Every structure is written in structure tokens, then in C-alpha cells.
1. Putting +1 on Lys and Arg Cβ atoms and -1 on Asp and Glu Cβ atoms, find which of B:47, B:34, B:20 reaches farthest to the positive end of the dipole of the range B:3-82.
2. Placing a label point 7 Å from Cα toward Cβ, how far apart in nm is residue B:136 from its equivalents in the other copies, listed shortest first to one decimal?
3. By the scheme Lys and Arg +1, Asp and Glu -1, what is the net charge of all other residues having a beta-carbon under 11 Å from that of residue A:16?
4. B plus A alone minus the pair: what accessible area, both sides summed, probe 1.4 Å, in Å² to 100?
5. Note down the magnitude of the dipole of the range B:3-82 about its Cα centre, charges +1 on Lys and Arg C-beta and -1 on Asp and Glu C-beta and zero elsewhere, to the nearest 20 debye.
6. Of B:11, B:129, B:23, which is the most mobile in a GNM of chain B whose springs link Cα atoms less than 10 angstrom apart?
7. Output the residues of the range A:180-217 meeting this criterion: accessible area (heavy atoms, 1.4 Å probe) in the chain alone minus accessible area with all protein chains in place is 20 Å² or greater.
8. Evaluate the range B:3-82: find the radius of gyration of its Cα atoms, find its Kirkwood radius, and give the ratio Rg to Rh.
Protein chains: 2
Amino acid sequence: MDESQIPEWCKHWLEPRDDHSRKRLLLLRAAFDAVAESGFEGLRTRAVASLAGVNVATLHYYFPTKQDLIQGLAQYLQAKFIVVHGPKPAPSGFPALDRLRQEFSDSRYYFACEPRLLLVNLELGVRGKRDPEVQRVMEEMHFHWRQGLEEMIQEGIASGVFRNDIARQEMLSLLITLLSGIVIAGGDRIGELERVTEAWILSDKVKKRLARQREPK
Amino acid sequence: MDESQIPEWCKHWLEPRDDHSRKRLLLLRAAFDAVAESGFEGLRTRAVASLAGVNVATLHYYFPTKQDLIQGLAQYLQAKFIVVHGPKPAPSGFPALDRLRQEFSDSRYYFACEPRLLLVNLELGVRGKRDPEVQRVMEEMHFHWRQGLEEMIQEGIASGVFRNDIARQEMLSLLITLLSGIVIAGGDRIGELERVTEAWILSDKVKKRLARQREPK
DNA sequence: ATCAGAGTCAATCAGCTGATTGATTTATTT
DNA sequence: AAATAAATCAATCAGCTGATTGACTCTGAT
């Protein structure tokens, strides 16, 4: 992951300088653990405070209401997803392809190393269906992700790495739906999906060049 | 939808004869409404009983614990998904293609006419991550769906309707992930996805024949 | 008519839940 | 040193929550 791409506000969010923000973050991490453990259904302010080693009243000092805590958690998750990524795939010589492979690498990484991130994401997603405040944050997150993929596709088609006989929007819809599906359909078979997706999205020219690279003879 | 495919147990489930099962179902429908309205987080036995026009104690007579009610709800949802389908697509002359189009028709129908079904399904899916009893029912549901798709693919490839240069398992994985993704990625753009999917999965022969049918000239 | 069992409900229980209060401590400024 | 603000906690509140109890009704069998 290109570290320089991580925005400033995000670093400040996850590595605050002042004590106030640090303790705030401590509480959010506790809330994250609590939700990962027992979902929103089982989320209790007392449990969060206890996990953070703090009195309940202190929690309410930082987050006046439970709702404030939950909104804070949504923002915490957003920052997390911007920072946490899977290992960078080996350069293929085609930037768009590398970018695509990064998406699958991320998915693999989340399933293998950060399953709770996916769990809490799912919880917040469901809650967002009824909670407009949470929904706003989740949609913002989704928007940035979508925008990144859109740039990838545009670059991929322009550079001849991706096929040019499919409309950008259709390519984008399919990719987003597919990557979203991975999160709920299960983490096994990501390798299969990656192979099929590449076979579908890459231009014939690039596919042939990649095949030649694999068997130099 | 082929009505004869609906199993007997499912009919009995949704149209019970005896009073006991009928009232049981009444309570489950109330539970469904309650979860659709405010999620599991806001599910209260009192609210369910009230929605069903019944005393709380009566609810506990039919469902000794809240957990029993939730497990019942999971089974109710399972029966619902077996019975409720979108309109049958116009016959294309290719059974496998019709079957595929039915999947997209279902998705469209759920989004347009039964959004609460998707909502409760999502809620139960998330709960299943922590509730083994619910998970069992959800996995059973998923298994039948997967099996149906597997048969479709097998038949599609054997009859030359689907392309034969992709492994069955890969085709299945992609299709399941894609259809799962639709549920969370949003109901707009299903048309786009259907078009792209057909372009991807159909054999060249069938694609040409379909194009000829569209422009008979 | 009597009895047994299924079904229903008002009332209640013990414990939990989000939030508040008021006192106390800690850090910063004047 | 004194004053002000920030931070923390034990104790408490009012209301909710899942579940139980015991009394009452209805139905069908004896």
C-alpha cells in the first residue's frame, strides 16, 4: 500500500498526540472489541468502559450517549479500512492489474488476519440500514472505495490492460458487487475468484503477455 | 416458479391446518415484522406479543425462550425464500439461461417488493456469525441455493448454453459471490449485472443465436 | 356434571441498562 | 499559592427486559 496515500486526518485519528484523543481512541477500540465479540445486540456501555479500564461515567464524559460512541466506532472503522491492507502483490508491469490484485490481497488479508474488521463492518452495515448517522459514514467509506476502483478501471482501459468492449460502469458494478459478495459469501475461494476475474477483465493482449511471462521456455 | 418444486413441509409451515401451528406462525410473522422494523438489537418479546395481539406469557407458551423464537424466525425465513420468487422470465429456449435469469428476477423482486425479506435475511446472517443454532439454519438455506445453482451450471455446460472453458467450481463461486454481493451492494444496477453476467457465462454459439433472435430482419 | 389439559392473561420478579449526580482528584493557568 | 478547568469515580435513578407465577377460561372426553 502506498503509505503516502494515507490522508493526514486518518493518521491523527489512529495515532493521536493529545491525551484526550488518545483516551477517546482507547474507548473506541474497546467498543470495537465489544461489538466484534457480541455484536450491537450485546453492546453495553458498562462492558466497553470495563474493557477500557474506565468508569462508565468516564465513558459518558467522552461520548455523551451510546449513539455518539457508535458513530465514533463507525469513523474508527473507516480510518482502519484506509490504513489496513494486505501485502502488496508482486509487480506485474501493469499498474491497473497490480491495483486489482491489491483488492483481492486486501480481502484475503482481512479474512486471514483481521476477521473482526469484517465482522464489525458487517454489523455497522446492517445498523446503517436503520441508523442514518451510521449510514452516512458507511456510504462515505463506500464512496471512496468506489472512486478508487473507478480510477483503476479508467486507467486500466486507457492503457489497454483491461478489455475495452465493456462499458466502464458495467465493469465497475460487477467488480464492486463481486468484491462485496466476497465479504459475506466467505473467504475461501478468493483465489478462484481472482483468477476468473482477471481472465474476464484483462485484454487479450495483456493475457497473452502474462502467459508468455509464465512460460519463458 | 415451478410450484411443484415447493416441498410439502414448506407448505405446512406457511399454511398450517391446526390452530396451534397457526398461532405459532402468527407470532413468527410478528417477530419478522419486529426484526424488520428495528433489528435484533431492538427485538423485544413484549413488542412481538403486542404485534401479534397476544400477552407476553402466551408468547412464552409457544416459544419458551427468546432464542426459540429467533430460531423459529430463521426457519420461517427459510420457508419464505423457498416460496417467494420474482416473475418467471420469458422462455429463451435455453433452460439453463431461463434458470439464470430467474435468479436475477428474484433479486429484483426482493428489492422491489420484499425489501424486508432481505433485511431480516441480513440480520439473521449477521446473528448467525455468533449464534450456532441460527447459523445451522442459514447454512442449510445457503446449501440448497448453492445446489440449485450447481445443477444449473452443470446442465448449462452440458447443453452447450454456458461456455465450457471455465471450470464448474469457478463458475459457481463467481455466480454465488456475485448474487450474494447484489444483496448488500444495492438493488440498482441489477440489469447491468445481468447483462454482463450473461455475456460472460453464455457460449458464443448461444450468444449469436440470441442476437439473431433479437434482430430477425 | 366432572375432570384434564391446552391456552390465555394480569401481575410480578430479579436483574440489567443508559444515563446522571455530586464529590474528589489532577493538571493548567494566573 | 490560588483559581479554574478537565477528568474520574462510586453511587444512584428510572425505566426496561426476559421470564415466571397463579388464577381463569374454554374444549373435549368420561
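The values are calculated or read from the model by the stated rules, or taken from the named source; none is laboratory data. The structure displayed is predicted, hence computed values, not measured ones. Reconstructed Cβ throughout: ideal geometry from the backbone, glycine too, with neighbour counts over all protein chains shown. To get the accessible areas, we keep the full protein, side chains included, count just its heavy atoms, and leave off ligands, DNA and RNA. Shrake-Rupley method; radii C 1.70, N 1.55, O 1.52, S 1.80 Å.
1. B:47
2. 4.4
3. Here the count lands on +2.
4. 3100
5. Numbers: 10 positive and 9 negative charges, 40 e Å.
Its charge dipole is roughly 200 debye.
6. Answer for the Gaussian network model of chain B: B:129.
7. Relative to the lone chain, where solvent access is computed with a 1.4 Å probe, the range A:180-217 loses at least 20 Å² at A:180, A:181, A:184, A:185, A:189, A:192, A:193, A:195, A:196, A:200.
8. 0.98
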